[in-house]
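Working notes, beginning with the structure itself.
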Amino acid sequence: MAASGGRACVRSLRGGVLWRSSPCHYESTATRHFLGTLQKLPLQAGVRNFHTAPVRSLFLLRPVPILLATGGGYAGYRQYEKYRERKLEKLGLEIPPKLASHWEVSLYKSVPTRLLSRACGRLNQVELPYWLRRPVYSLYIWTFGVNMTEAAVEDLHHYRNLSEFFRRKLKPQARPVCGLHCVTSPSDGRILTFGQVKNSEVEQVKGVTYSLESFLGPRANTEDLPFPPASSSDSFRNQLVTREGNELYHCVIYLAPGDYHCFHSPTDWTISHRRHFPGSLMSVNPGMARWIKELFCHNERVVLTGDWKHGFFSLTAVGATNVGSIRIHFDRDLHTNSPRYSKGSYNDLSFVTHANKEGIPMRKGEPLGEFNLGSTIVLIFEAPKDFNFRLKAGQKIRFGEALGSL
């Protein structure tokens, strides 16, 4: 009976009829599903399943449009904020700076700007074909407004790569150094801010400050100092001021990509110490300086300290995106944006030795160093109370022009 039922059941499957009262009803249903699944499988081995591949690709591509949409929306929002600020500035209204939150700064710092800057630096050193040099450099000149009539060599074919073009020398008469004022501009650029240092805080741009001690780091070894240190109980500002009646001053100069990229000694002084801070390489343009508090403390920088006729004097070269290379002419041991240095540390070098107990003397206007692209110079120095800056915030300035005098 079971056998005949089984045979009848098989015949019914072939004939397309299903016995509902048959004992093999459930077996027949399972068999039919199994055979249907086999019919859907590819006949040849190794044939891809075309039904699942698009789904898998869609799953892999899904984060990309999400990131693009999110990043594009955020960038659009930031541009709208800048547009609104410019409109309000034209109306003469003072706009309080809107600082980045902690997560925004952390997100920006997570971008591998150091690696990208190293890659950009190597690309800039690739020798360009002779026929390609003029169109490439002409595009750069047109984009950033470079004045090639001031260059010592105006022929664009002379520069083998972008790095040589960035570090081009000027004609001797292009930048006369002012001899009437005690402090001159060390570079071409734009004045971001200047004035007295108050409460051990330095103004980054108007309304945004950073810690003087975080920027310069703790005092160097007292053996390297040309003057006795103040007591540890004093504020950091008071530790830098060595003479009674003096004040501490600062000046920030932003170098745009089209500016002359070398920097020079701003006064007659003696350099006794160098401190290198490996750090991030975030953009230092004025918009970023208004947005990120203590931007200069986050970025890689080289701090040169010493003294001049009125006491303490320092010049700091701050790195930026694609500007990981900072060169000091007399310091061959300096290697910036190097993977061997970790963020959050610093390394010191003293120029005061048993053979040279004073340091390295520099004359006003003497070549001091260079960037591979635009960046920022920060001067922090001690001077008498009657020192006056001859500047306006936002003005353009050229190397050798007066910053201030007594």
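The values are calculated or read from the model by the stated rules, or taken from the named source; none is laboratory data. Keep in mind that what you see is a predicted model, and the values were worked out from it rather than measured. Cβ sites come from the backbone with ideal geometry, for glycine too, and all protein chains shown count toward neighbours. The area values use the complete protein model at the heavy-atom level, side chains included, leaving out ligands, DNA and RNA. Shrake-Rupley method; radii C 1.70, N 1.55, O 1.52, S 1.80 Å.
Lys and Arg at +1, Asp and Glu at -1: add these up for the other residues within a Cβ distance under 10 Å of PRO176 and post the number. Don't jump to the answer; show the numbers that get you there.
On the way: positive: ARG175, ARG398; negative: GLU401.
Charge balance in the 10 Å sphere: +1.
Separation of the alpha carbons by more than 22 angstrom is noted, of LYS171/LYS396; LYS109/LYS198; LYS357/LYS385; LYS206/LYS392, for LYS109/LYS198; LYS357/LYS385.
With a 1.4 Å probe and every protein chain kept in, tell me what percent of the accessible surface of region 143-221 is carbon plus sulfur. Each step should come with its number before you reach the end.
Details: 1790 of 3570 Å².
Answer for region 143-221 is 50 percent, counting heavy atoms of protein chains only.
The 1.4 Å probe gives accessible areas that order TYR210, TYR108, largest first, as TYR108, TYR210.
What shape does region 105-188 take by its C-alpha gyration tensor, where a ≥ b ≥ c are the square roots of the eigenvalues and a/c under 1.5 counts as rounded, a/b above b/c as prolate, and the rest as oblate? Don't jump to the answer; show the numbers that get you there.
Details: a/c = 2.58, a/b = 1.18, b/c = 2.19.
Oblate shape, in that a/c is at least 1.5 and b/c is the bigger or equal ratio.
Taken per residue, the accessible surface of region 265-406 reaches 38 Å², heavy atoms only and a 1.4 Å probe. Across the accessible surface of region 246-310, with the other protein chains kept in place and a 1.4 Å probe, carbon and sulfur atoms take up 51 percent. Annotation: amide H-H contacts under 5 Å for GLN204 (H modelled 1.01 Å from N, sequence separation of 5 or more, or interchain): THR209, TYR210.
Shape call for region 264-389 from the C-alpha gyration tensor, a ≥ b ≥ c root eigenvalues: rounded (a/c under 1.5), prolate (a/b greater than b/c) or oblate? In terms of gyration-tensor shape, oblate. To the nearest 10, the accessible area of LEU115 is 100 Å² with a 1.4 Å probe. Taking amide H positions as modeled 1.01 Å from N, with prolines and chain starts lacking one, the residues under 5 Å from VAL183 and 5 or more places away or on another chain are LEU403, GLY404.
The charge dipole of region 273-406, taken about its Cα centre with unit charges on the Cβ of Lys, Arg, Asp and Glu (plus for the first two, minus for the last two), comes to roughly 300 debye.
Using Cβ point charges alone (K and R +1, D and E -1), the dipole size of region 356-396 about the Cα centre works out to roughly 220 debye.
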